[in-house]
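Peer 1: Below is the structure I would like to discuss, written out as C-alpha cells.
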Amino acid sequence: MTAPFEFKQSVILLKSTGKKARTLAELRDLIATISEGSIFHHTYQYFLKGHILEYTNDFSHWAGESIEESVLAERLSNLDPYDYADIAQLRKELLRIIDAFRATFPEPREALPRDEFFFNEAVTLVFPAGIRARNLAEFLMAVKHVDASSLYYHFYDSRIRQGGEKNDFSQWFEQELGKIGLAGKIHSVDPFMHSLEGIRDRIAQAVEEEVTQDMESAGIMP
C-alpha cells in the first residue's frame with residue numbers, strides 16, 4: 001500500500017547572536033567562532049529569504065553589497081553548502097575562501113553604519129500542513145498551492161537531513177510510486193538557479209508531464 005506524501009510547513013524564529021562585523025577581518029574571525037546554527041542560517045536558509053540568482057548566501061550578499069567586493073562575492077556564491085558533509089566542513093571552506101582573497105587583494109573598506117554583517121541564528125519549527133497526496137495527480141494540485149516554506153522544507157532542508165542525497169519529493173516518488181525517472185528529474189533541479197517559486201514551477205511541470213504520460217499509457221487521453 002502506498003504511503004501518502006504528507007506536506008509539512010516550517011516556521012523560522014530568528015534571534016540575534018549580538019555579534020556583528022564591520023570589516024572582512026572581523027567577518028572572518030566571527031565565522032571561525034560563531035555557532036553552527038548561525039552558519040546554517042546564513043547559508044542553507046538563504047533561499048527562504050526571497051533572494052535569487054546573484055548571491056547564494058548571506059556572506060556573498062554582504063561582500064557584494066556592503067563592502068562592494070564583487071570578486072569575493074562571486075567566490076562565496078560559487079560555494080554549494082550541499083557539497084559538504086557537515087557545517088564544520090562548510091565553515092572551513094568559508095574561511096579558506098576569505099583567507100585566499102585577503103592574501104591576494106587589499107583589505108576592503110569597512111561597511112557603512114547599519115550595513116554591518118549581523119550574525120543571527122534560527123530555530124525552525126516544523127508542523128503538518130494538513131495536506132496529503134496519495135498519487136501524482138493529488139501531489140500536482142498540492143505542490144502548486146502549498147506555502148513556500150513547505151517547498152523549502154521538503155526540497156532544501158531535507159537534503160541536509162538525508163545527507164545531501166535526496167529531497168523528500170524525490171524519495172517519495174521513487175520509494176512509494178516507483179517513479180525513478182521523475183525522482184531523478186526533481187533531484188537534478190539546480191537549487192541555485194531558481195527562486196522557491198521557480199522550484200515550484202519546475203516540480204509542477206515535471207509532475208504534470210508524468211501524469212500526462214500515465215494517462216496516455218492508460219488510454220485515458222487520445
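Peer 1: Could you work out [θ]222 nm for the chain from helices alone, using -39500 (n - 2.57) per DSSP H run of at least four and dividing by all its residues? Round to the nearest 500 deg cm²/dmol.
Peer 2: Rounded to the nearest 500, the figure is -14000 deg cm²/dmol.
Peer 1: For the charge dipole of the chain, defined by +1 on Lys and Arg C-beta atoms and -1 on Asp and Glu C-beta atoms about the Cα centroid, which residue among A103, L24, P4 has the Cα displaced farthest towards the positive pole?
Peer 2: L24
Peer 1: Separate question: Reachable lysines from K166, Cα under 18 Å, same-chain residues fewer than 8 places away excluded?
Peer 2: K8, K179, K185
Peer 1: Rule-of-thumb check for segment 14-121: C-alpha Rg over 2.2 N^0.38 Å?
Peer 2: 0.97
Peer 1: A further question on this structure: Charges only on Cβ, +1 for Lys and Arg, -1 for Asp and Glu: so what's the dipole of segment 31-142 about the Cα centre, in debye to the nearest 20?
Peer 2: Roughly 420 debye, rounded to the nearest 20.
Peer 1: Take each uninterrupted DSSP H stretch in the chain, measure its Cα extent along the helix axis, and return the ones at 27 Å or beyond whose mean Kyte-Doolittle hydropathy is at least -1.0.
Peer 2: Helices meeting the span and hydropathy rule in the chain are 196-217.
Peer 1: Follow-up. Figure the gain on full extension for D80 and E209 (residue separation times 0.36 nm, minus the Cα-Cα span) and round it to one decimal in nm.
Peer 2: Stretched fully, the D80-E209 segment lengthens by 43.5 nm.
Peer 1: Additional query: Given 25 °C and 0.890 mPa s, how large is the Stokes-Einstein diffusion coefficient of segment 89-222 in µm²/s, with Rh as the Kirkwood radius over Cα pairs?
Peer 2: D, rounded to a whole number, is 137 µm²/s.
Peer 1: Let me ask something additional. In debye, nearest 20, what is the charge dipole magnitude of the chain about its Cα centre with +1 on Lys and Arg Cβ and -1 on Asp and Glu Cβ, if you could check?
Peer 2: Charge dipole of the chain: 500 debye, to the nearest 20.
Peer 1: Build a GNM of the chain with springs between Cα atoms under 10 Å: which of L13, L151, L196 gets the top mean-square fluctuation?
Peer 2: Of L13, L151, L196, the most mobile in the Gaussian network model is L13.
Where a number appears in this text, it was derived from the coordinates with a stated rule and is not lab data. Being a predicted model, the structure only gives us computed values, none of them experimental. Here Cβ is always computed from backbone atoms with ideal geometry, including for glycine, and neighbour counts include all displayed protein chains.
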